[in-house]
Amino acid sequence: INANNYAITVNMQNLTVAGNTGGQPADTKIIHGNGANTLNLNINNCIFYNEIGTYIYTGTGTVNINRGYTILNDNSIQGSGYMGNLDNTEPLLGAFGFWGGPTPTIKLTSTSPAVNTGTTMFEAPLTDQRGAYREGAVDMGAYELRTPLSGEYYICKTTSANYPTGNIFNTFDDAINA
């Protein structure tokens, strides 16, 4: 985003930005501005990890950064903010790949500090990058980790008088014998 001589507001919500490289320290910028510009940057429920030579903002002018519920593996983004920030924290991300949905994403591991530690205070999107619904306590980042049901469940469609159509059974034998 080029913010030269403009006053702009940028809202970053539930993003995962990881592994970008810029080569030289000033090569990669998300926002650049020079001149009489004012940037209001709101960063919420985001993960920034392993950014080499990448800067959120470079240039001159006035920068107002507000961030909350954000994981950084360093402390490179300063500014006022809300509670819930985890600086100098390893986000424990999974592999980049197709985990459902139209585009690849970086999934969270089950032990990630991002799991269930986001907030809906900033109107988190109803779905993650893949289109999976965010349920209960939201996760930070673009990916919502969905916890599978515990145990094994079998679905059986039957017309048996004992079990109406479409029941869920706890054992395979119950489903077969319905």
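Distance between the pseudo-spin-label points of M83 and L126 (7 Å out from Cα toward the beta carbon): 2.9 nm.
Note on N4 and E90: with the Förster distance fixed at 35 Å, the Cβ-Cβ geometry gives a FRET efficiency of about 0.45. Model label points for D74 and T111, set 7 angstrom from Cα along the Cα-to-Cβ axis, are 2.5 nm apart.
Each value in this text was obtained by applying a stated rule to the coordinates, not by laboratory testing. For clarity, every value in this text was computed on a predicted model and none was experimentally measured. Positions of Cβ are backbone-derived with ideal geometry, glycine not excepted, and every protein chain shown enters the neighbour counts.
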